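What follows is a short report on a single structure.
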Amino acid sequence: MRAIRVAPLALLSASALTLLAPSAAHAAPDGASSTFNPTISPSVIAPGGRVTLGAGGCTGETTVSSGIFDTVTIPSGSTTATATVDTDARRGAVYAVTFSCGSTGTSRNVNLTITGGATSTPAPTPTTVPTASSTALVPSGVRGGLGGSSGTTDTVEVAAGAALVVAAASGALYFARRRTTDRRH
């Protein structure tokens, strides 16, 4: 009988922790909410290609570093910069690119994938016929995504989820108490 009374309290406590966890994960070191959302465009590129680095949400200077291009600084007041990927980047590899926002002290990693490049064809000679070049992709493992676990927190969705949890807990409590009352009579 005591377990029935404790279960709703445990459910409410677990729900509260679940709702508070996303906001704690997105908090900046100083306690302020961080909206720092770095981007790389394109996220899949051939060696020697140019990428655009974005520092959305960072109001200060952003430092971008990786093992496949020189360190780039996105100045305060600007949101993008470009970088050239090293020509000796390994085809089919996924490299981590680290963005460090100076105004919040937040660092985030974004993946950059190197594609297989076009195969070269020999120059035509009188005895050969020119052939079209083809793109040879280096096989790699399955790329699992984050499954929607990243992104910004939507306040409306959090409030709707909290309302559903409270409604479910209230319903469970109501029916548990009703059942207990029916047994007494």
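Some notes on this structure:
- Only residues that are open to solvent by 20 Å² or more (accessible area, probe 1.4 Å) and either on the phi < 0 side of the Ramachandran plot or of a type in the set (Val, Ile, Thr) (or both) were counted across region 50-71, and they come to 11.
- Candidate set: region 32-67, residues that are of a type in the set (A, V, I, L, M, F, W, C) and part of a loop (DSSP other than H, G, I, E, B); chosen: the one nearest to residue 81 (Cα to Cα): 58
- Check on residue 136, of a type in the set (A, V, I, L, M, F, W, C), open to solvent by less than 60 Å² (accessible area, probe 1.4 Å) and at pLDDT below 55: yes
- Scope region 74-92; condition touching a residue at least 40 places away in the same chain (Cβ under 8 Å) and either crowded, with 18+ Cβ neighbours inside 10 Å or among the aliphatic types (A, V, I, L, M) (or both); matching residues: 85, 89
The values are calculated or read from the model by the stated rules, or taken from the named source; none is laboratory data. Everything quoted here is computed from the prediction, not taken from an experiment. Cβ sites come from the backbone with ideal geometry, for glycine too, and all protein chains shown count toward neighbours. Please note that ligands, DNA and RNA were not included when accessible areas were found on the heavy atoms of the full protein model with its side chains. Shrake-Rupley method; radii C 1.70, N 1.55, O 1.52, S 1.80 Å.
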